[in-house]
Amino acid sequence: MKFKLLLFALLGILVLACTVESPEDPLDVYRNIAYTALSPTQKASVLGDWQKAEVSAWTNGNYLVVFQTKDNMGTIRVVVDPELGKVVEILI
């Protein structure tokens, strides 16, 4: 009987440990929103890992995600509204 109780307790702890999620970094969320909004051509021009794009505060509480591009195309800057979770504007 003790063995069943111990086994049940261990299984309960294991289930709880597996369901606890670590909080997601909001900057990663903004990067993902911005990258998803790019066209396939724009995505292909992004230099390096898009998940490491620079994110900074922008006007009106929005955030600016900057993707470096190859072939001297400059940068693609994407304005993200954090409250609505969507792209406001893409600046090329």
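The values are calculated or read from the model by the stated rules, or taken from the named source; none is laboratory data. Keep in mind the model is a prediction, meaning the values are calculated, not measured. Heads up, the Cβs are rebuilt from the backbone with ideal geometry, glycines too, and the neighbour counts pull from every protein chain shown.
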Residues within the range 33-55 that are out of contact with any helix residue (DSSP H, G or I) (no Cβ under 7 Å at 6 or more places or on another chain), closer than 15 Å to E89 by Cα and surrounded by 11 or more Cβ atoms within 10 Å (Cβ to Cβ), tallied: 6
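Hand me the list of helices (runs of 4 or more DSSP H) wholly inside the chain holding 3 or more residues that are modelled with pLDDT under 95.
Details: elements: 2-19, 26-37, 40-45.
By residue number, 2-19, 40-45.
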